[in-house]
Protein chains: 2
Amino acid sequence: MKDSPTLWWDAAACSIRYIEQTLLPDEERIAECRTVERWATAIRRLEVRGAPALGVAGAYGVALAAATCSEEDLSGFMNAVRRDAATLRATRPTAINLAWGIDRVLARIGRERDIAGVRRAAVGEADAIAREDTACCHAIGEYGAGLLPDSCTVLTHCNAGALACSSWGTALGVIRSAIVAGKDVRVIACETRPLLQGARLTAWELARDGIPVTVITDSMAAHVMRTRKIDAFIVGADRITRDAVFNKIGTYMHAICARHHGIPFYVAAPLSTFDPENLADGVIIEERGREEVATIGGRTFVPEAAGVMNFGFDATPMELVSAVITDKGVREPPLDIPALLSRSTAK
Amino acid sequence: MKDSPTLWWDAAACSIRYIEQTLLPDEERIAECRTVERWATAIRRLEVRGAPALGVAGAYGVALAAATCSEEDLSGFMNAVRRDAATLRATRPTAINLAWGIDRVLARIGRERDIAGVRRAAVGEADAIAREDTACCHAIGEYGAGLLPDSCTVLTHCNAGALACSSWGTALGVIRSAIVAGKDVRVIACETRPLLQGARLTAWELARDGIPVTVITDSMAAHVMRTRKIDAFIVGADRITRDAVFNKIGTYMHAICARHHGIPFYVAAPLSTFDPENLADGVIIEERGREEVATIGGRTFVPEAAGVMNFGFDATPMELVSAVITDKGVREPPLDIPALLSRSTAK
């Protein structure tokens with residue numbers, strides 16, 4: 001199985017190249033983005049999405065800001081780049097990795113003395129983040145693979161795969177690494193309404209790698225847990241506080257049902273997903289537009305006179321999580337996030 | 001609020017008229033069906049659906065068989081009608097009401113001495129079933145309304161409304177009767193994948209009656225239970241055994257989550273939904289086609305290389321049900337179904 005990159009810097013064109021995920025599975029198009037404004041739209045439209053991939057997207061976004069900025073003095077240049085960074089940061093409030101990737105590149109370029117140096121350093125740091133993300137996913141995969149039986153059926157929700165990362169994946173990275181280690185893993189992917197990342201993206205990338213995958217509606221997971229042998233539920237995360245895991249809407253319901261059936265519920269995420277500063281109550285849950293719920297495949301199913309709610313994420317209390325699989329090992333709650341992060345920095 | 005019929009006998013045309021539910025909410029078309037074969041297709045395609053409505057649909061189906069049969073001697077005529085009845089019965093295996101409606105008309109016409117009498121009796125009995133179903137829904141509504149606070153927010157799944165019955169509805173009948181009694185009820189309707197009966201039908205018929213309704217994806221219900229004040233979850237049922245409630249896929253997951261949050265979980269259904277003969281293990285859960293999950297609004301979201309599972313129903317163990325609201329009153333589990341049914345017959 002090979003690493004298939006999700007987004008990368010095109011040095012010749014000074015642009016970002018990426019798999020345009022809203023077109024999958026119908027069309028596999030490598031799109032190109034040349035302006036920060038368009039990149040903010042791409043992130044908002046979920047053309048690129050997934051917490052670790054958003055870290056990389058934020059980083060390349062700052063590189064793109066530096067590459068396209070026309071200011072000629074360093075302080076005006078840096079101010080313009082920081083304004084662009086703020087625009088990018090505001091596109092998705094829940095996933096912590098986006099801000100993390102942006103801040104890391106901003107910190108790195110703050111040390112440069114001239115514009116050419118800033119531009120080089122921005123791309124270099126973003127490339128490093130992308131490489132490190134892939135390495136993190138492989139580490140997560142190897143730690144997590146040890147949790148799975150030699151032959152098993154795993155449920156997952158949304159897409160925490162290669163497409164959600166620089167490559168390989170977090171939750172799906174665990175599955176890929178288990179298969180590389182010789183295990184026999186079958187995947188049941190919840191379709192993940194409203195935007196169907198499970199049906200469109202998880203099924204696509206697993207099928208591409210020859211991994212057996214079956215799609216169900218989100219509402220079938222509990223029935224499947226009751227009537228079939230399910231060995232584990234594995235998801236990714238958009239933000240992990242001490243008391244909760246923020247992830248795609250529906251994760252919380254699956255965690256309750258997994259607990260009800262005695263099925264281990266694992267969260268796979270790199271340390272960049274951990275938030276040492278907030279508790280769950282301090283995190284904003286992104287609410288998105290009506291049309292994502294009301295209209296599918298061009299047909300509108302909700303009558304106009306009815307209201308719609310569209311939460312992008314939910315919070316799963318840590319009590320429902322069996323273990324968090326990080327790039328530094330497997331941790332069972334309660335989590336000591338500051339210690340986990342400082343050990344990582346010290347290393 | 002008035003009773004709006006879902007299907008009825010057109011005596012002049014000797015045909016069944018019905019609201020073609022697959023077209024809602026875009027188009028409100030009264031369709032006409034003139035042959036048993038087409039009626040079987042209509043039931044299979046869910047042009048008419050919902051457990052109590054299927055009882056009425058089965059009954060009118062036998063009336064249609066009698067109206068269209070060209071056999072001239074009574075015994076050949078009755079054999080042909082019974083063959084048609086078997087065809088109709090096989091269309092949907094999980095909902096008990098379909099077979100119940102068919103059997104009741106078959107039993108009634110077995111007492112007739114000539115073909116004209118059979119035809120008259122079949123329509124008469126089917127009309128009686130439709131009238132009784134409406135009366136049952138009003139009784140359920142009045143018993144159930146007493147369970148709701150004066151101002152409340154109620155979650156529901158799928159469509160257990162007027163469109164699922166002869167009129168008024170079971171779960172939505174409770175809501176309508178509570179409103180008629182002066183209560184202030186707001187409804188949150190789960191969209192109900194794969195066929196979106198919640199988004200398409202529940203939202204449509206509640207909005208038609210001016211009842212406030214908000215649609216969410218099925219995966220948002222647990223998050224809404226955690227973050228808002230939800231007073232009750234009310235669903236209908238396709239079959240109730242002593243140990244479980246069979247209802248639209250997703251019901252089981254909602255029942256687990258309602259229990260987790262301490263929210264009452266009510267099932268509203270007429271006595272014709274109760275099955276005194278089987279336990280949950282003896283009931284077939286209908287599995288339906290791939291395309292219902294894979295294709296929405298004309299666009300295919302699941303890649304061909306991925307499998308699909310499509311369960312139409314699930315079984316909610318009776319331990320998760322707070323009470324069953326029947327046309328003979330509210331019953332808390334454990335249920336004594338034979339006693340419940342015999343008391344009703346004795347009455």
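Quick notes on this structure:
- Convex hull of alpha carbon positions in the stretch A:189-330: directionally averaged projected area 10.2 nm².
- GNM result for chain A, Cα springs below 10 Å: residue of A:Ala203, A:Ala294, A:Ala59 fluctuating most strongly: A:Ala294
- Whole-Å distance, taken between Cα centres, linking the stretch B:277-321 and the stretch B:190-242: 18 Å
- Förster radius 30 Å - calculated FRET efficiency between A:Ala135 and A:Ser75, Cβ distance, rounded to 0.05: 0.30
- Chain B: calculated mean residue ellipticity at 222 nm from DSSP helix runs of at least 4, using -39500 (n - 2.57): -12500 deg cm²/dmol
- Largest GNM mean-square fluctuation among B:Pro270, B:Pro334, B:Pro303, using chain B with Cα springs under 10 Å: B:Pro303.
- Long-range HN-HN contacts of B:Gly307 with modeled amide H, under 5 Å: A:Val213, A:Thr214, A:Val215
- FRET efficiency for the pair B:Glu319 and A:Arg208, taken as 1/(1 + (r/R0)^6) with r the Cβ-Cβ distance and R0 = 60 Å, rounds to 0.90.
- Whole-percent pair-distance distribution, where bins are 10 Å wide, for the alpha carbons of the stretch A:7-137: 14, 48, 32, 6, 1
- Charge tally in the Cβ shell below 12 Å around B:Gly236, where Lys, Arg are +1 and Asp, Glu are -1, B:Gly236 excluded: +2
- In sequence order, calculated HN-Hα J values of the stretch A:130-144 (Karplus, 6.51, -1.76, 1.60; Hz; x Gly/Pro): 4, 4, 5, 4, 4, 5, 4, 4, 5, 5, 4, x, 5, 4, x
- Phi angles of the stretch B:264-279 translate, via the Karplus equation with coefficients 6.51, -1.76, 1.60 and θ = phi - 60°, into HN-Hα couplings of x, 10, 10, 10, 10, 7, x, 4, 5, 8, 7, 10, x, 9, 10, 9 Hz per residue; Gly and Pro are given as x.
- Expressed to the nearest 5 percent, the antiparallel share of DSSP beta bridges inside the protein assembly as shown is 50 percent.
- Averaged over the residues of peptide B:306-319, the number of Cβ atoms from other protein chains lying within 10 Å of each residue's Cβ is 5.
- Sorted shortest first, the separations between the A:Thr300 label point and its copies elsewhere in the assembly read 2.8 nm; each point sits 7 Å from Cα along the Cα-to-Cβ line.
- Converting phi to 3J(HN,Hα) with the Karplus coefficients 6.51, -1.76 and 1.60 and the offset θ = phi - 60°, the stretch A:158-171 yields 6, 10, 10, x, 3, 5, 9, 9, 5, 5, 6, x, 9, 4 Hz in sequence order, with x at every glycine or proline.
- Gap separating the Cα centres of the stretch A:47-92 and the stretch A:133-183, nearest whole Å: 30 Å
- Plainly put, the tip 7 Å out from Cα toward Cβ on A:Asp10 is 6.0 nm from that tip on each other copy, the closest given first.
- Taking every residue in A:290-302 and counting other chain Cβ atoms within 10 Å of its Cβ, the average works out to 6.
- Comparing B:Phe246, B:Phe311, B:Phe301 in a Gaussian network model of chain B (Cα springs below 10 Å), the most mobile by mean-square fluctuation is B:Phe301.
- 19 Å cut-off, amide nitrogen to a point 7 angstrom out along A:Ala107 Cα→Cβ, residues in the stretch A:125-152: A:125-136
- Distance from the B-onto-A rotation axis is smallest for the Cβ of the chain B residue given, in whole Å, as B:Gly297, 1.
- The stretch B:209-303: GluC sites (Glu not before Pro) in DSSP loop, at most 15 other beta carbons within 10 Å: B:Glu277
- Multiplying the residue separation of B:Arg299 and B:Ser342 by 0.36 nm and subtracting their alpha-carbon distance yields 10.5 nm.
- Estimated distance in nm for a label pair at B:Thr35 and A:Glu291, the labels positioned 7 Å out from Cα along Cα-to-Cβ: 4.3 nm
- Likely footprinting exposure, A:His261, A:His157, fewest C-beta neighbours within 10 Å first: A:His261, A:His157
- Ascending list, in nanometres, of distances separating the B:Gly282 label from those of the other copies (7 Å, Cα toward Cβ): 5.9
Readers should treat all values here as calculations from the given coordinates under stated rules, not as data from a laboratory. All values reported here derive from a predicted model rather than from experimental measurement. Please note: Cβ atoms are built from the backbone with ideal geometry, for glycine as well, and neighbour counts cover all protein chains shown.
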